[in-house]
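Chemist: Once you've had a glance at the structure underneath, I'll fire off some questions.
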Amino acid sequence: MDERAFRAEVRAELGQLLESRTGEAGFSFLGAGQDDLEAGRRLLATLADTGWAVPTWPREWGGRGASGEEAAVIGQELARFEVPDLYPFMVAVALVAPVLLAHGSAEQQARWLPAIRTGEDIWCQLFSEPDAGSDLAALSTRAVADGDLWRVTGQKVWSSRAHYSRWGLLLARTDPDVPKHQGITAFAVDMAAPGMEVRPLRQMNGDTHFNEVFLSDAPVRDADRIGEVGDGWRVAITTLMHERGALGPGGGPGRKELIGLAGATGATADPVLRDRLAAVVTQLETGRLNSMRARAARQSGRPPGPEGSGAKLRGAAAIKAMADLAVDVQGLGGLVGEDDWLTLFLTAPSISIRGGTDEIQRNIVGERVLGLPAEPRLDKTVPFNQVPRSPSP
């Protein structure tokens, strides 16, 4: 790829569709502090016929068949324009769509991908459970076959945007008589189905984006099962690898704004603050380059690997460092005002939890990259219904 020529082409075509970003524009990270769904839908609808919003998707489904390197350039160029935070649509666009392309049937792809591309349908993840902690495979939500339906009962938590999602990507246990990783199946569940109850959770940054979801004999069609029965763990791994990459650092919102803030406040004259600024920018750039490498590997046909865990760890550290520096540069005003930086500062700690905790990512990197001995897993080969569990309250 001739990057300079490709970048110029992307910029020119986007310039015909979007307004240039102004220096006064604010920014939002991971949707913190806002819920402007219509602005995101307008953008996705504007870009739907061109594939710029989903560049790595195959052309047959409205993408551009772009490589990881090309997608990184497109993302950088999009940041030059007035683009709303698309985080409410991220689960659908960046996680569910790749899962459908890898594990979904042709009928499912035709049914769901068009509405994801245009932003018509918002999806959420129904993975984490309060009794499973960081061990996702210990989930206990049950799906029992009932003719052409499955009846699902259980509880999920930390489900971002579940309160206004149209669909949920659900993991449920369909066979408790086999070891925990083998008895899980993936489904798409209608969030408006009978037996679905969503309760928002208020966060310390003021948002109510996370939710508890209770399923009580909720019906799910077998036609909405994604992948084979008992193959849900493979679907989960595909989802998590894409999620960790999506939460990694890059060239998106915050970098230019932080540099501008440091210059406007005179922080660049302080050698200590200037050194911190250089360190943050370096972290973000390193993360961007590694994300490009991971995308390129996926585009070449290699399944998602531990690169996502490394990206997730770097992302959490870089975002926290960026938010800390911004608040420090602003002084006391950074703690009492209500601007984008304070919102990011209050949001940043959650990055070490969402998408898999830092501790889980370190285990993955240690075992799969450094070759360290695996953590003891005494229950890995034991049938799930024989694993000791705490009694329900």
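Please treat every number below as a calculation from the coordinates, not as lab data. The model shown is predicted, which means the values in this text are computed figures rather than measured ones. Glycine gets a Cβ as well: all are built from the backbone with ideal geometry, and neighbour counts include every protein chain shown.
Chemist: Need the C-alpha centroid separation for segment 44-98 versus segment 179-235, integer Å.
Modeler: Result: 25 Å between the Cα centres.
Chemist: Then there is this: Mind counting lysine pairs for me in the chain? Cα separation below 26 Å, and the two need to be 8 or more apart along the chain or on different chains.
Modeler: 9
Chemist: Is the C-alpha gyration tensor of segment 108-230 telling us rounded, prolate or oblate? Criteria: a/c under 1.5 is rounded; beyond that, a/b larger than b/c is prolate, otherwise oblate. Could the numbers behind the result be given before it?
Modeler: Working: a/c = 1.75, a/b = 1.15, b/c = 1.52.
Oblate, because a/c is 1.5 or more while a/b does not exceed b/c.
Chemist: Same structure, new question: Within the chain, which is the longest segment that contains none of the GluC sites (Glu not before Pro) sitting in a DSSP loop with at most 11 other Cβ atoms within 10 Å?
Modeler: Numbers: sites that count: Glu19, Glu24, Glu338.
For GluC sites (Glu not before Pro) (loop position, at most 11 other Cβ atoms within 10 Å), the longest site-free span of the chain is 25-337.
Chemist: Pull up the DSSP beta bridges for the chain and report the antiparallel fraction as a percent, rounded to 5.
Modeler: Close to 85 percent.
Chemist: Among Asp35, Asp340, Asp275, which one shows the highest mean-square fluctuation when the chain is modelled as a Gaussian network with alpha-carbon springs under 10 Å?
Modeler: Asp275
Chemist: Ok, one more. Size of the dipole of the chain about the Cα centre, Lys and Arg at +1 and Asp and Glu at -1 on the beta carbon, nothing else charged, in debye to 20?
Modeler: Details: 42 positive and 51 negative charges, 157 e Å.
Dipole magnitude for the chain comes out near 760 debye.
Chemist: To continue, here is another question. Hey, in the GNM for the chain with a 10 angstrom Cα cutoff, which one of Gly119, Gly266, Gly62 fluctuates hardest?
Modeler: Ranking Gly119, Gly266, Gly62 by mean-square fluctuation puts Gly266 first.
Chemist: Using only the alpha carbons of segment 117-168, what is the convex hull's orientation-averaged projected area in square nanometres? Mind dumping the intermediate values first?
Modeler: On the way: hull surface 19.4 nm².
In nm², the orientation-averaged hull projection of segment 117-168 is 4.8.
Chemist: So what is log10(I(q)/I(0)) for the chain at q = 0.13, 0.15 1/Å, when the Debye sum runs over its Cα atoms only?
Modeler: Rounded to two decimals, the profile gives -1.16, -1.50.
Chemist: Please state the shape class of segment 309-393: rounded when a/c is under 1.5, otherwise prolate if a/b exceeds b/c and oblate if not, all from the C-alpha gyration tensor.
Modeler: Note, shape of segment 309-393 comes out oblate.
Chemist: For segment 166-248, what is the convex hull volume of its Cα atoms per residue in Å³?
Modeler: Details: hull volume 10.8 nm³, N = 83.
Hull volume over Cα atoms, normalised by residue count, gives 130 Å³.
Chemist: Still on this structure, I have one more. Given 0.36 nm per residue, what is the gain on full extension from Arg59 to Arg7 after removing their alpha carbon distance, in nm?
Modeler: Taking 0.36 nm per residue and subtracting the Cα distance, the gain is 16.7 nm.
Chemist: With a Förster radius of 25 Å, plug the Cβ-Cβ distance of Asp231 and Glu107 into 1/(1 + (r/R0)^6) and report the FRET value to the nearest 0.05.
Modeler: Working: r = 18 Å, r/R0 = 0.71.
So the FRET efficiency works out to roughly 0.90.
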